[in-house]
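Read-outs: derived from the displayed coordinates by stated rules, not from any lab. Just so it is clear, the structure is predicted and the values come from calculations on it, not from any experiment. Every residue, glycine among them, receives a Cβ derived from its backbone with ideal geometry; neighbour counts consider all protein chains shown.
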Amino acid sequence: MRFLLDDEQQAFARSLDGMLTAADTASVVRAWAAGDTAPGRALWSRLAEAGVFALAVPQQHDGLGPLPVELTVAFTEMGRHAVPGPLVETVAAAAFLDRLGDEAVAAAWLPGIASGRTAASLCRLSDDSPYALDAHAADAVFVVEGDTVRLAAAAGPVQPSADPARRPARPLGGTVLARGPEVAAAAAHAAGVAALMTAAQALGLGRTLLARTVEYARQRTQFGVAIGSFQTVKHRLADTLIALEFSQPLVQAAAVVLAARDPESDRAIAAAKVTACEAACAAARTALQIHGALGYTEEFDLSLWIRKARPLRSAWGTPAACRARVLAP
């Protein structure tokens, strides 16, 4: 089993990093949190042009995939730059529609997802949360309840979140698209894809938090020396780095087994999800503590990254649920 990215995958990551660095994603996040989705949808279109969403769509519906490994590469970079919007949910919706087995429904939605014209959200009412992420900005909200999937007609009020750019709302009404056991099976597969992409996002998020905290520790002085020279700070940063380094191969391995349709993919995804998200939360705590009071301020861009860590931790599988799947006989 190969965990290392090949040259093409590394070049893809670098190209996304360069594009997102130039996009000033902090301003995009602030606009999204304020309800202005225009900058976010413009960035969405650029990501689509780079082929990000096509990676989740099969070739017969104008896609390039499904390619889980390349998707984790993309989501790590999007997490690194805190790109807002229902990114995970759109890819999960594509995975759901692909596995649903209804060619008419797939043909109606998958080409739009691949091209970036369609942003989607997916909600499983059997999960802990009855909310769909960013339903207000999605072109389609698919709601799964048991063996039934419907296309929501509207969304309720946006609910509060620790991440101001994360805007969950309860989907309302809608038209039934399909019924049967294939709906539940497709939804379970989509939830696994969503959990893996969330883990990749968390990994990228944690890497940015660590990099910016290391940079700050080199510049901030106390008692005439940089605080990064203090043993306590060094140890805290080292622990954060080790946690992130340990989670990366788990994320990559989960993508490999998912691509191979390995029956153990659910266990591997759960291990990646809990490990990467816990590492991201640890990175957020480290960033907040080393930055001190500065880290609490909304005006400081790093706070946008810090506030994303905890919601990702519980999205598409709580730590307890993930650990239970890993330990299941």
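When the Cα positions of Pro66, Ala119, Ala56 are compared along the charge dipole of the stretch 41-132, Ala119 comes out farthest toward the positive end, with charges on each C-beta of Lys, Arg, Asp and Glu.
Suppose the chain between Ala328 and Leu172 were pulled fully straight at 0.36 nm per residue; how much longer would it get relative to their current alpha carbon spacing?
52.7 nm
Let's see if you can work this out: charge +1 on each Lys and Arg Cβ, -1 on each Asp and Glu Cβ, no other charges. What is the dipole magnitude of the stretch 216-284 about its Cα centre, in debye to the nearest 20?
Value, rounded to 20: 360 debye.
The trypsin sites (Lys or Arg not before Pro) of the stretch 225-326 that meet both conditions, a loop assignment by DSSP and at most 16 other Cβ atoms within 10 Å of the site Cβ, are Arg261. Arranged from fewest to most other beta-carbon atoms within 10 Å of their beta carbon, Asp102, Asp6 become Asp6, Asp102. Springs between Cα atoms under 10 Å define the GNM used for the chain, and in it the highest mean-square fluctuation of Glu182, Glu299, Glu70 occurs at Glu299. Using a cut-off of under 17 Å, list every residue of the stretch 52-83 whose amide N is near the label point 7 Å from the Cα of Glu103 along the Cα-to-beta-carbon line. Residues passing the 17 Å test: 58-63. Using 0.36 nm per residue and subtracting the Cα-Cα separation, the extra length available between Asp7 and Ser129 on full extension is 40.0 nm.
Per-residue packing, averaged as other Cβ atoms within 10 Å, sorts the ranges 25-33, 213-221 into the order 25-33, 213-221, beginning with the highest. Can you give the FRET efficiency to the nearest 0.05 for Arg261 and Ser45, using r as the Cβ-Cβ distance and R₀ = 41 Å? Result of the calculation: an efficiency of 0.85. Taking the 0 to 90 degree range and rounding to the nearest ten, how far is the long axis of helix 103-115 tilted relative to the main principal axis of the chain, both from C-alpha atoms? Helix 103-115 and the main axis of the chain meet at about 30 degrees. The label point for Ala31 and the one for Phe223, both projected 7 Å from the Cα toward the Cβ, are 4.6 nm apart. Spacing of the modelled spin labels on Glu298 and Ala320, each 7 Å from Cα toward Cβ, amounts to 3.2 nm. In a simple Cβ point-charge model (Lys, Arg +1; Asp, Glu -1; nothing else charged), the stretch 232-329 has a dipole of about 220 debye relative to its Cα centre.
For the chain, the longest principal axis of the C-alpha atoms and the axis of helix 265-291 are separated by about 30°.
Could you put Cys123, Cys322 in order, starting from the residue whose Cβ has the fewest other Cβ atoms within 10 Å?
Values: Cys123 27, Cys322 24.
Final ranking by Cβ density, sparse to dense: Cys322, Cys123.
Distance from the Cα centroid of the stretch 1-79 to that of the stretch 257-299 is 18 Å (rounded to whole angstrom).
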